[in-house]
Amino acid sequence: MRREVGALAGVTALLMVNGCTPEDRAGRPVVTTASPAATASTMVDAAAVATGPEADEVPRPVSCGPGESHMIEPMPTPSGPDDVVAGPVVWRGLKAMTTGDPAAFGYQDADGGHYKVGVGVRAGATATVMIGPEARGYAGLKYGQAWEFRPVEGVRFAACPDGDTWFVGGFFVKGRRCVPLDVTAENARPVRVVVSLFAGPCPG
């Protein structure tokens, strides 16, 4: 079920409650939401992908269909200085985590840190985001309501055709790390970006 974007207050509530943190977004949630209360131990190491009916497909398919927490933005907002952009994909405000307080962005447990930041995908675009192979032992992507936001090494996002699409979720990481992300849009070469999750400035 999907509702079109409405008032700014509605979107702010969605992003704060469910894990998206883009700033200056206008709209309301378009589908049902769920609490991303997953443990990191289920899926961080890419070498141990499970088999059987409970297995994660990698990359995990996350789209704008029913059952996925997302919102639509028909009128795109220009990216800002704290945004991380890679092709048709944007993480609003992610650079603020470089030197930010981890407690302001999520929580820590025995597995590691679980941090909330929504990801936006340009209208009609399909893009795959993969944790770099060298970081899969300590980092994961927490997107996908059907998977209860369990960390996974990669996600394939499919945006709605009628507007930029924002998906609820975030990152898992053990400690303070520089995390490489390989972003591949449809019919395009991969783009690598390195994001800092409270690790200070990262090389590359």
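Coordinate-derived values only; no laboratory data. Because the structure is a prediction, the values reported are computed rather than measured. Neighbour counts are summed over all protein chains in view; Cβ atoms, including those assigned to glycine, are modelled from backbone coordinates with ideal geometry.
Data for the structure
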{"read-out": "Rg in Å to one decimal, and Dmax rounded to a whole Å, for the range 84-124 via C-alpha atoms", "value": "12.4, 39"}
{"read-out": "Label-reachable residues, the range 126-145, where backbone N falls under 17 Å from a point 7 Å from Asp182's Cα toward its Cβ", "value": "127-141"}
{"read-out": "Segments 176-182, 72-78, 138-144 sorted - mean Cβ within 10 Å per residue, highest first", "value": "138-144, 176-182, 72-78"}
{"read-out": "Residue-span extension gain [Thr99 to Lys174] - 0.36 nm each, minus C-alpha spacing", "value": "25.4 nm"}
{"read-out": "Highest to lowest packing among 147-157, 189-199, scored as the average C-beta count within 10 Å", "value": "147-157, 189-199"}
{"read-out": "Charge sum, other residues only, whose C-beta stays under 14 Å from Ala103's C-beta, Lys/Arg counted +1 and Asp/Glu -1", "value": "0"}
{"read-out": "Difference of contour (0.36 nm per residue) and Cα-Cα distance, Asp162 to Arg192", "value": "8.1 nm"}
